[in-house]
Amino acid sequence: MSGITQSLPEKELDKLPTVLASIKNVTHEAGVSGAASFIHQDIDTLGPDLASIQRIADSAGQTNMALSIDCLRYWEEAANALHISIDWKRMSEQGSSTEVFRPTGRIGDLLDQKIDAIRDQYSFYNNVETEGFLRNNSDLVPILFEAIYRIRKYFGAAQLKLRYSEDPEGTGDNYLDLAITTDEPVDTALEKLEAFDRHWWLEAGKDESRLIIDIEIE
Amino acid sequence: MERTLANGNVVLVAHQFNPAIIDKHWLIKHGIVTEDDILSGAINIPHLSRINTKDFRLTVFPEQLQFSPLNPNKCSQEQIRNMLGGIVERLPETPYTAAGINFLWHLTPDVTMQVFTRSLFYQKRKVHEFFDTLDGKYGAYFSRDIFGTRLKLDIKPIIIKKEEASTETLQCSFNYHKDLISEDKVTEILETIQVWEEAKKTSFQIIERLKEEGGI
């Protein structure tokens, strides 16, 4: 069989302009190519930041950052396209989002690379569930990459852990816990977390209920 | 019982497309559409091209080109031949590997989905017996060769969400798949497009049978 000829849902493809434009709040007909150029600009800006992550990691003895700037290029576009496929896949009998979707082709390969790179930086508590959640919520991947850089600014080489958690009230609103493990005194760690929240996460994560970032004192 | 043709389209698979070159200017330049046909909402980025016209929507990913008439019920084979065929003929060097025609039907029964799907698909078999509960729902997969393609039919209950309201419907997804094996891929694609009407009619007839057999 030479590739799958089943179609992607037009209803979901119609969301593409909104999804792409919302990345940087550019107006649509500016067009989406405007949004794409913003993405590239962001990636270029991210380049030096990644270099600084590398320096911090090197100084902390973590040399294998496995973050390739080239690999990140166009990632957001691919992730958005992928997200649409996943939304389609979710349109099952119960609207379930717990089924792991393995996309095929280059987008699937790209997602595999990204999840491997995430795994290099984060310890997964519950491996299967965490990976499954990431596959079904692949738009979290760029956020997790950026979180590394933001966290390292305040917590240096602290160990980062990801844990898939289910909403205790059983509403189905499941999420990832990102634990920053630190051996610093509690007051110092909390001050740093507050600064981290104030300078990035409160704004970046204000509409993001699928990721909770907290500290874990060793 | 309500039946709706929710979608109908043609998908081409290649190794691989270059979405960057297929934009509205390219379509106008090659006489496939006029400037007046183009609607707003076009996207053209390196890994994706999406063009809306008053007759069809065209989406191109590196692996896949999707041509969706706005009204698959009324769109004629000749129109598809002129529009999609026109695109394919102007990209003869593209390494096409497969072509497919898709129809997506939704059947919304007057009875519950449990009752409806049970009447269609339940059999006295061990696996079925496991799902023989008050909340059990059923589906089916069929395939066979027809019109020089491989027809695959997936049937399953789904929930469609529209704003606040949800509707449960039986989704019947028809995929007429053709692997392109000859040297002349363009001709093979054009031949596949030529079964659009027959494929649509066949899918309609199957939907009618499901309606009859599931009628309570």
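Observations on the model:
- Hz values of 3J(HN,Hα) by residue in region B:56-61 - Karplus curve (6.51, -1.76, 1.60), Gly and Pro given as x: 7, 10, 10, 10, 10, 9
- Label zone (A:Lys161, point 7 Å along Cα-to-C-beta; backbone nitrogen cut-off 16 Å) within region A:180-214: A:180-184, A:212-214.
- Among B:His30, B:Asn102, B:Phe17 the positive-end extreme of the charge dipole of region B:1-121 (Cβ point charges): B:Asn102
- A Gaussian network model of chain B, with springs between Cα atoms under 10 Å, assigns the largest mean-square fluctuation among B:Phe142, B:Phe17, B:Phe174 to B:Phe142.
- Distant-in-sequence amide H partners of B:Arg57 (H built 1.01 Å from N, under 5 Å): B:Ser68, B:Leu70
- Relative to the dominant Cα principal axis of chain B, helix B:196-214 is inclined by about 10°.
- Förster radius 35 Å - calculated FRET efficiency between B:Ser119 and B:Glu198, Cβ distance, rounded to 0.05: 0.75
- Pairs beyond 21 Å (Cα-Cα), from B:Lys74/B:Lys185; B:Lys24/B:Lys54; B:Lys74/B:Lys200; B:Lys156/B:Lys211: B:Lys74/B:Lys185
- Each part reduced to its alpha carbon centroid, region A:156-211 and region B:32-91 end up 45 Å apart.
- Modelled label reach - B:Glu89, point 7 Å along Cα→Cβ, region B:186-216 residues with backbone N closer than 18 Å: B:186-196
- Within the straight-line cut-off of under 16 Å between alpha carbons, none of the lysines are reachable from A:Lys161, sequence neighbours fewer than 8 places apart in one chain being disregarded.
- Using the Cβ-Cβ distance between A:Asp177 and B:Glu168 with R0 set to 35 Å, the FRET efficiency from 1/(1 + (r/R0)^6) comes to roughly 0.55.
Read-outs throughout are calculated quantities, based only on the coordinates presented, and are distinct from any laboratory measurement. Keep in mind that what you see is a predicted model, and the values were worked out from it rather than measured. Positions of Cβ are backbone-derived with ideal geometry, glycine not excepted, and every protein chain shown enters the neighbour counts.
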